[in-house]
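Remarks on the structure that follows.
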Amino acid sequence: MNFSLFLSILRARWGVFALVLAVTVLAATVVSLLLPKTFRATASLLLDYKNEQSMSSALNPLLQPHERLSHMQTQADIITSEKVARKVVQDLKLASVPALRAAFEKQTDGKGLIEDWLVAALLEKLKVDTTQSSVINVSYLSGDPRISAQVANAFAKAYIDTMIELRVNPTRQAAAWFDEQLKSLRASLEDAQARLTNYHREKGIVSADERLDVENARLGELSTQLVRTQDQTFDWTTRGQQARELLRRGGTLEELPEVIANPHIQKLRSDLLQGEVKLQELATQYGANYPQYQRLLSENQSLRAKIDAEMRKIMAGLEGSARQSGQREAELKNAMTAQRSRLLELKEDRDELMVLTRNMESAQRAYDTALQRGVINQVESHVSQANVTVLNPAAVPARPYRPRVALNVALSVAVGTMLGVGIVILMELFERRVRRREDLDNAWDAPLLGALNAWQPAERSLYGRGAGRALPSPG
């Protein structure tokens, strides 16, 4: 079927098409006028992601786009929750309205709770729309325009109150929990501080690091003295061994370096040498029995005795110095051993002190953190405002939201047109008629005398001027 055939069929059955279209439009108009009117009131809510009453809001990062969409959907779910709807029922005291109680008794025969029935009825007519922005539209449908606006505003208020409740109740519970925890944490902190103070008092510690530095310095000085004493002991021992080795080989003490380097012995030896020279002169001049010779001989013997005594003193000094140096070395070794033990004790004390200090610091940090969190929850538990404000309250609608007469009529025209065209085509299929020249060619093998076109009439008649039409026009 081409378009020209379609137009031919539509022209031939125009009455049927017009009747179907008219009936459809009339039915839609009548039904639209007879349907009960429904009014829609909308309240707009603005969500602010910044919470000015929160002490921790500055720590919250900015929400990403997908997180904001999820947050908006969460808010929409909260608005359509039974908790918010039940609060609307309580705020508007709908359970005490006689008409609503009668409807409840009629529908449920008094079974169940009227609050549950009202909650389901409210949520059925509630609609929440979210967009890319931070605005949420709360709409309610009702046959009474004032009731639709009243319920929409009640949902907005109940949602804000619920948000405050959902925020305040957990923070109050957290604040109470932190108060209990702070008591135990304060007791732990005081116990750690007391143990640290008692340890300082028992050990006499003012500054552990300073005391350890002093003891380390003392150990270093003892070590230096021990090295010096060991060098001296080695030196005195070496000198004594050299002296004994000299005597063992048949030498005399006069050959010792200490004796040679002793100025007093050198002076005595010089005096003795001078006396010997004078003694020889006297022996040559006067003889050995001369009194002055005897006196000078006695003086020389005395000088020799002094020299021998001084050399014995030097030898004894070498041995005594070696013994004293050995004793001093042993004393220093014992002192170093004691000092090392003291340092080990101080290090153990310092380690224990560090453990006590760390315990006290850990208890202090835990207490400070809990105190900070407790203060934040204590402050936020007294929040009186939510981060949601009513942008536009719901106003009483002047026009009904449903039925939409103009829209229904427009849709009925479209539906009636399609329905009329369908009926015309069905009638043509069940009752086939000749509409075109091709229909004769296909059905009968008859000769073609001419073709009359009602859309474009012939300019002159078939039998000349003044003659009538050869055939009636089709249709």
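The values are calculated or read from the model by the stated rules, or taken from the named source; none is laboratory data. All figures in this text were calculated on a predicted structure; none of them were measured in a lab. When we count neighbours, we look across all protein chains shown, and the Cβ atoms used for this are built from the backbone with ideal geometry, even at glycine.
Numerical summary
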| read-out | value |
| --- | --- |
| Test: V413 is over 54 Å from the mean Cα position of the chain (by Cα), surrounded by fewer than 15 Cβ atoms within 10 Å (Cβ to Cβ) and at pLDDT 85 or above | yes |
| Test: residue in segment 344-357 that is under 30 Å from R186 (Cα atoms) and in contact with an Asp or Glu (Cβ under 9 Å, 6 or more places away or on another chain) | yes |
| Residue in segment 31-50 that is modelled with pLDDT of 80 or more and over 25 Å from V138 (Cβ atoms) present | yes |
| Conditions (1) without any contact (Cβ under 8 Å) to a residue 12 or more places away in the chain; (2) among the hydroxyl-bearing types (S, T, Y); (3) within 28 Å of P403 (Cα to Cα); number of the one not met by T80 | (1) |
| Test result for R358, among the charged types (D, E, K, R), surrounded by fewer than 16 Cβ atoms within 10 Å (Cβ to Cβ) and at pLDDT 80 or above | yes |
| Among residues of segment 280-311, those that are free of Cβ contacts under 8 Å to residues at least 24 places away in the same chain and basic (K, R), counted | 1 |
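Residue-by-condition table, conditions (1) of a type in the set (D, E); (2) exposed (fewer than 12 other Cβ atoms within 10 Å of the Cβ); (3) at pLDDT below 80; (4) not assigned by TED's automatic domain parsing to the domain that holds M72:
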residue: N387; (1), (2), (3), (4): no, no, yes, no
residue: V390; (1), (2), (3), (4): no, no, no, no
residue: A394; (1), (2), (3), (4): no, no, no, no
residue: V424; (1), (2), (3), (4): no, no, yes, yes
residue: L429; (1), (2), (3), (4): no, yes, yes, yes
residue: N442; (1), (2), (3), (4): no, yes, yes, yes
residue: S461; (1), (2), (3), (4): no, no, yes, yes
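For every residue, the table says whether it meets (1) part of a helix (DSSP H, G or I); (2) over 60 Å from the mean Cα position of the chain (by Cα); (3) at pLDDT 75 or above; (4) within 30 Å of D235 (Cβ to Cβ).
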{"position": "A288", "(1), (2), (3), (4)": "no, yes, no, no"}
{"position": "Q292", "(1), (2), (3), (4)": "yes, yes, yes, no"}
{"position": "L297", "(1), (2), (3), (4)": "yes, yes, yes, no"}
{"position": "L303", "(1), (2), (3), (4)": "yes, yes, yes, no"}
{"position": "D308", "(1), (2), (3), (4)": "yes, yes, no, yes"}
{"position": "M311", "(1), (2), (3), (4)": "yes, yes, no, yes"}
{"position": "A316", "(1), (2), (3), (4)": "yes, yes, no, yes"}
{"position": "E319", "(1), (2), (3), (4)": "yes, yes, no, yes"}
{"position": "A322", "(1), (2), (3), (4)": "yes, yes, no, yes"}
